[in-house]
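What follows is a single structure, written as structure tokens, with notes after it.
Quick note: the coordinates plus some simple rules give every number you see, no bench work behind them. Here the structure is a predicted model, which is why all the values come from computation and not from measurement. Methodologically, a virtual Cβ is constructed for each residue, glycine included, from the backbone with ideal geometry; neighbour enumeration extends over all protein chains shown.
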Amino acid sequence: MSWKNNEQNLFEHLKQNYISDLNWSEGDYSHHDCYSLQLKCDIELKCRNKHYDGLVIEKYKYDKLLARAESHNTIPVYICQTPKGIFAFNLASLEEPSWETKGMPKTSHFNQRQFVDKVVGFLHIDKSKSYD
């Protein structure tokens, strides 16, 4: 299953079961994947093939979500699906993660395995709302 299909499946699951007005964001290079007008939130979706109690978020995405939330009066939300469940984080209500630079795949698309340094932080699942 491709990365996009995983995000598509996660999107459909959330829309059918939790967020009925969930919509995809416009544009290929949007800094959030979807949004809910009813809940007033912008959402970044990630699907991971392995489960870790500390889920990685890129500082670049974190900063973009928070900046958009401030300018549009929305809630920045990060939702990550792992084999153990779906974990949603309201980034506005959490302490900013500690950031570190790690060598990571440049992209999760198309099996590209070129590594680049990325600034990332970790969000512990204890700070999330868990979904099925």
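Which order do SER71, SER36 fall in if you start with the one that has the fewest other Cβ atoms within 10 Å?
Listing SER71, SER36 from fewest to most nearby Cβ atoms yields SER71, SER36.
Would you kindly derive the ³J(HN,Hα) couplings of the stretch 81-98 from the backbone phi angles with the Karplus curve 6.51 cos²θ - 1.76 cosθ + 1.60 (θ = phi - 60°), listing them in order in whole Hz, with x for Gly and Pro?
9, 10, x, 9, x, 10, 10, 10, 10, 7, 5, 5, 9, 10, 5, 4, x, 6
Give me the number: length gained by fully extending PHE115 to LEU37, i.e. 0.36 nm times residue separation minus the C-alpha to C-alpha distance, one decimal in nm.
Net length gain for the segment: 24.4 nm.
With 10 angstrom as the radius, rank PHE87, PHE115, PHE122 by how many other C-beta atoms surround their C-beta, starting from the fewest.
PHE115, PHE122, PHE87
Check the chain and count each lysine pair with an alpha-carbon distance under 16 angstrom, considering only pairs eight or more places apart or from different chains.
Value for the chain: 22.
Quote the charge dipole size of the chain about the Cα centre in Debye, to the nearest 20; the model charges only the Cβ of Lys and Arg (+1) and of Asp and Glu (-1).
Roughly 380 debye for the chain.
With the calculation restricted to Cα positions, what are the radius of gyration and Dmax of the stretch 32-80 in angstrom?
Considering the stretch 32-80 through its Cα atoms, Rg and Dmax are 11.5, 34 Å.
Mind jotting down the three principal axis lengths of the stretch 42-121 based on Cα atoms? Whole angstrom, largest first.
Here the Cα extents, ordered largest to smallest, are 37, 27, 24 Å.
Using a basic spin-label model with each label point 7 Å from the Cα along Cα→Cβ, how many nm lie between TRP24 and ALA92?
So the label points at TRP24 and ALA92 sit 2.7 nm apart.
Rounded to the nearest 500, what is the 222 nm mean residue ellipticity of the chain from helices alone, with -39500 (n - 2.57) per DSSP H run of 4+ residues and division by all residues?
Helix contribution divided over all residues of the chain: -7000 deg cm²/dmol.
Would you mind calculating the gained length between ASN73 and LYS50 on full extension (0.36 nm times residue separation, minus the Cα-Cα distance), in nm to one decimal?
Extending this stretch completely gives an extra 4.9 nm.
Taking other Cβ within 10 Å of each residue's Cβ, how do THR82, THR74 sort, fewest first?
So the residues, fewest neighbours to most, are THR82, THR74.
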